[in-house]
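A.B. asks: Take a look at the following structure, please.
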Amino acid sequence: MRIVLVGPPGAGKGTQAAFLAKNLAIPHISTGDLFRANISQQTELGKLAKSYMDKGELVPDEVTIAMAKDRMEQPDAENGFLLDGFPRNVSQAEALDAMLSSESMKLDAVLDLEVPEDEVVRRIAGRRICRNDSAHVFHVSYKAPKQEGVCDVCGGELYQRDDDSEETVRTRLEVYHTQTEPIIDYYRSQSLVVTIPALGKVEEVTARAMEALARED
Ligand code: AP5
Ligand code: ZN
C-alpha cells in the first residue's frame, strides 16, 4: 500500500506510523526524521534544513522533494510506503503525483489524524526523543520512560527537540493551517482522504487507522 499520513505537528504521526508500517510491512518514510538524521551527521542538507526547522518554517520544496524521491526509490519502498510529513504543501503533493504516475503507481489512502489544538500543544510540550533513534518517542506524562531522561528501548539520552519551543510550535501550527491543510482538499478531490479521530490511547488510534485502511482495500 502507498499511504500518506497528514495531521498537525504533534498529532501522533510518527507514533502511529511506526505501528502502521510494521503492521503493513512497508517502510515508514518521515521527511522530518530524514532532515534530523542529516542534521546529526552535519551534512550540507542538514545545515540548510536546520535553518528552516529551527524557525518552524518549511524547508524549500526543491531539496525536500529530491530527498523524498531518493528515499522512495530505495528497493525497500518498491511495494509500498507510509509517508509521514510529506507532502506538506500542494506543490509537493503535485510533485508526488507526478512521481507516482510516471511509474504507473498511485496512492491508496491519505489518513488525516484529527486532534484538537490544545491537545497537540500538550503532546508537543511533553515529548522527549532518543538521541540514538528518533523513532524512540516518549511523553513525560502520556508515555513516561521507566527512568527519567533515559530511553526504555536502547538506554540512550532523551532530549526535547529544538523546534518544540512554544514560539516555534506557534509558527509550525500556522504553517500547518496555511500550507499543509490545503492538501487535504487536494486529496479529497481524489477521494483519498480518511479522517481518523486521534484522541485516545495510541493503540486505539492505530486500530481505527487499520480498520479504515481495511475498508479502503
Ligand atoms: P516533522 O518532524 O514532520 O514534525 P511535525 O509534522 O511538526 O510533526 P511532529 O514530529 O512534531 O509530530 P508527530 O505528529 O509525528 O507526533 P509524535 O508521534 O511525535 O517536521 C519537522 C520540521 O521539518 C518541519 O517544521 C519542517 O521545517 C521540516 N520538514 C519536514 N518535512 C517537510 C516537508 N515535507 N517539507 C518542508 N519541510 C519539512 O507525537 C507527539 C507526542 O505525543 C509524543 O510525545 C507522543 O509520545 C505523544 N503521543 C502520540 N500519540 C499519542 C496519544 N494517542 N495519546 C497521548 N500521547 C500521544
Ligand atoms: Zn532509544
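The values are calculated or read from the model by the stated rules, or taken from the named source; none is laboratory data. Please read all numbers here as calculations on a predicted model, not as lab measurements. As a convention, Cβ positions derive from the backbone with ideal geometry for all residues, glycine included, and neighbour counts pool all protein chains shown.
A.B. asks: Under 6 Å by Cβ, and 6 or more places apart or on different chains, what pairs join a residue from region 160-182 that is away from ligand 2 (no atom under 16 Å from the Cβ) with one that is assigned to a helix (DSSP H, G or I)?
C.D. replies: From region 160-182, the pairs are ASP163/MET53; ASP164/ILE124; VAL169/ILE124; PRO182/VAL90.
A.B. asks: Taking GLY80 as the residue in question, decide whether it is within 13 Å of ligand 1 (Cβ to nearest atom), surrounded by 15 or more Cβ atoms within 10 Å (Cβ to Cβ) and at positive phi.
C.D. replies: Criteria not met by GLY80.
A.B. asks: A follow-up question, please. For GLU103, which of the numbered conditions (1) surrounded by fewer than 19 Cβ atoms within 10 Å (Cβ to Cβ); (2) modelled with pLDDT of 95 or more fails to hold?
C.D. replies: Just one mismatch for GLU103, condition (2).
A.B. asks: Among the residues of region 24-52, how many are near ligand 1 (Cβ under 10 Å from one of its atoms), over 20 Å from ASN132 (Cα atoms) and either buried (at least 17 other Cβ atoms within 10 Å of the Cβ) or of a type in the set (Phe, Trp, Tyr) (or both)?
C.D. replies: Of the residues in that region, 1 qualify.
A.B. asks: With the requirement that a residue be polar (S, T, N, Q) and not in a helix (DSSP H, G or I), what does region 29-65 give you?
C.D. replies: Of everything in region 29-65, those that are polar (S, T, N, Q) and not in a helix (DSSP H, G or I) turn out to be SER30, GLN41, GLN42, THR43.
A.B. asks: Right, here's the next one. If you check ALA66 against the conditions, is it aliphatic (A, V, I, L, M) and either more than 7 Å from ligand 1 (Cβ to nearest atom) or touching an Asp or Glu at 6+ places or on another chain (Cβ under 7 Å) (or both)?
C.D. replies: For ALA66, the condition - aliphatic (A, V, I, L, M) and either more than 7 Å from ligand 1 (Cβ to nearest atom) or touching an Asp or Glu at 6+ places or on another chain (Cβ under 7 Å) (or both) - is met.
A.B. asks: Now for a separate question. Show the residue pairs meeting these rules: Cβ distance below 9 Å; 6+ apart or different chains; first residue within region 120-140 and over 16 Å from GLY200 (Cα atoms); second residue assigned to a strand (DSSP E or B) and acidic (Asp, Glu).
C.D. replies: CYS130/GLU157; ARG131/GLU157; ASN132/GLU157
A.B. asks: Okay, moving on. Quickly run through region 152-201 and pick out the residues that are away from ligand 1 (no atom under 11 Å from the Cβ), in a loop (DSSP other than H, G, I, E, B) and closer than 27 Å to ALA212 by Cα.
C.D. replies: Once the filter is applied, which keeps residues that are away from ligand 1 (no atom under 11 Å from the Cβ), in a loop (DSSP other than H, G, I, E, B) and closer than 27 Å to ALA212 by Cα, region 152-201 yields GLU181, SER189, GLN190, SER191, LEU192.
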